[in-house]
Amino acid sequence: MPVVGILSPEGPRTGNIEGLYAGLRELGYVEGSNITFEYRWANGSHEKLAEFAADLVRLRVDVIVAFVTPASLAAKRATATIPIVMVGTADPVGIGVIASLAHPGGNVTGTSSIAADTVQKQFELLREVIPDASRFHVIWNPGNPAFQTLQIKQAKAAATSLGIELQFHEAKASDLFPSVFEDVARDGSRALVILIDPLYMVHYQALVEYSVKGRYVATMGFRPFAEAGGLMSFAPNYADQYKRSAVYVDKILKGVSPADLPVEQAMKIELVVNLRTARKLGINMPTSILLRADQLIE
């Protein structure tokens, strides 16, 4: 029975893995019958990923499915022979995980996320909501430099284009959220962008609570943020990427080399607006945003 290693900086309750399960079921896989899994969840702690990747290599799993950028990097550093299916990895060529999208080479393939590229659009959307804002607060995780650097570059480009100042706030652990939001509150600006990160995906409900309590006009590149009460999210459809990863797992288990499987880029990006939260904040959402939204939460 093939063994698939799951390496993730998220937690098991984040929900994204359900897409992988659904995809595998459609391809005829049943856990415990013709496939089994070894799970390694970091629960937002990037430091554990190298150790967990090494565990999966020692177990000689047949395939490692690495969720998002930090896990893909950890898996690639741990093995050059075990096939790796990356899911939602940002700029995999730039960070050295693959040679090219069309011809990945080596032992890594899968799906590439354009999550970092959505940051500039998040800034533009936020500016539409509060056009008089001159300063945006940005929360980011220095513990995930490879992905965060890409997003910060986008944030700075957006700030220059829109003529706004940026105030960066570091949050490397969830217990730092209270002090970070105290810092955010000091200058009175309500505009807040939370850069997407596995730590924040695990603790998105806490981020929603702090942002709503502080009456911040906030956006995050993670759909559950808006669904749980944050004002807006603009993000790739991660569920679709996780489901697509099942196709890669299936082909590899049937003998296809990862080097011969082109990497797919996520193309579907969704805008979700929580109108309940907008009313609580006393915000009239611009018609231009309402017309573009993929989902309006009443």
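Under 5 Å from the amide H of Arg215 lies no amide H of any residue 5 or more positions distant or on a separate chain, with H modelled from the backbone and absent for Pro and chain starts. Where the alpha-carbon atoms of region 198-245 are placed on the principal axes, they occupy 38, 18, 12 Å, in descending order.
Could you give the semi-axes, largest first, of the ellipsoid that matches region 139-292, computed as the square roots of 5 times the alpha carbon gyration tensor eigenvalues and rounded to whole Å? Intermediate values should be presented prior to the final figure.
Values: eigenvalues 198, 71, 49 Å².
The answer is 31, 19, 16 Å, longest axis first.
Which of the trypsin sites (Lys or Arg not before Pro) found in region 226-256 are in a DSSP loop and have at most 10 neighbouring Cβ atoms, other than their own, within 10 Å? Here the trypsin sites (Lys or Arg not before Pro) that fit, given the DSSP loop and packing criteria, are Lys254.
Applying 1/(1 + (r/R0)^6) with r as the Cβ-Cβ distance of Arg77 and Leu101 and R0 = 25 angstrom yields a FRET efficiency of 0.75.
Starting from 0.36 nm per residue, how many nanometres of slack lie between Lys213 and Ser174 once their C-alpha separation is accounted for? Please list the in-between numbers first.
On the way: separation 39, 0.36 × 39 = 14.04 nm, distance 1.66 nm.
Using 0.36 nm per residue and subtracting the Cα-Cα distance, I get 12.4 nm.
Taking the square roots of five times each eigenvalue of the Cα gyration tensor of region 164-238, the equivalent ellipsoid has semi-axes of 18, 14, 12 Å, listed largest first.
Students often get this wrong, so check it: of Lys156/Lys243; Lys48/Lys121; Lys48/Lys213; Lys153/Lys243; Lys121/Lys153, which have C-alpha atoms separated by over 24 Å? Could the numbers behind the result be given before it?
Numbers: Lys156/Lys243 33 Å; Lys48/Lys121 32 Å; Lys48/Lys213 32 Å; Lys153/Lys243 29 Å; Lys121/Lys153 13 Å.
Result: Lys156/Lys243; Lys48/Lys121; Lys48/Lys213; Lys153/Lys243 exceed 24 Å.
Shown in residue order for region 193-200 are the 3J(HN,Hα) couplings computed by the Karplus curve 6.51 cos²θ - 1.76 cosθ + 1.60 at θ = phi - 60°: 10, 9, 5, 5, 7, x, 4, 6 Hz (x for Gly and Pro). Whole-Hz Karplus values for region 158-173 come out as 5, 4, 5, 5, 8, x, 10, 8, 10, 10, 8, 10, 8, 9, 8, 8 Hz, taken residue by residue from phi with 6.51 cos²θ - 1.76 cosθ + 1.60 and θ = phi - 60°; glycine and proline positions read x. For Glu270, the residues whose modelled amide H falls within less than 5 Å of its own, excluding neighbours fewer than 5 places apart on the same chain, are Ala235, Asn237.
Computed from the C-alpha gyration tensor, the three semi-axes of the ellipsoid equivalent to region 46-178 are 34, 18, 10 Å, from longest to shortest. Principal axis extents of the Cα atoms in region 45-93, from largest to smallest and rounded to whole angstrom, are 28, 22, 14.
Per the Kirkwood definition applied to all pairs of different Cα atoms, how many angstroms is the hydrodynamic radius of region 1-103?
Details: mean 1/r = 0.0719 Å⁻¹.
About 13.9 Å for region 1-103.
The H on the amide N of Glu10, modeled in the peptide plane, is under 5 Å from the matching H of Ala42, Asn43, Gly44, each at least 5 residues off or on a different chain. Karplus-based coupling profile of region 126-131, in residue order and whole Hz: 5, 5, 5, 6, 10, x, with θ = phi - 60° in 6.51 cos²θ - 1.76 cosθ + 1.60 and x standing for Gly or Pro.
Modelled spin labels at Glu128 and Tyr21, positioned 7 Å past Cα toward Cβ, are 3.6 nm from each other.
Bear in mind that the values in this text are calculations on the coordinates, not laboratory data. No experiment lies behind these values; they were computed from the predicted model shown. Quick reminder, even Gly has a Cβ in these numbers, built from the backbone with ideal geometry, and neighbours come from all protein chains shown.
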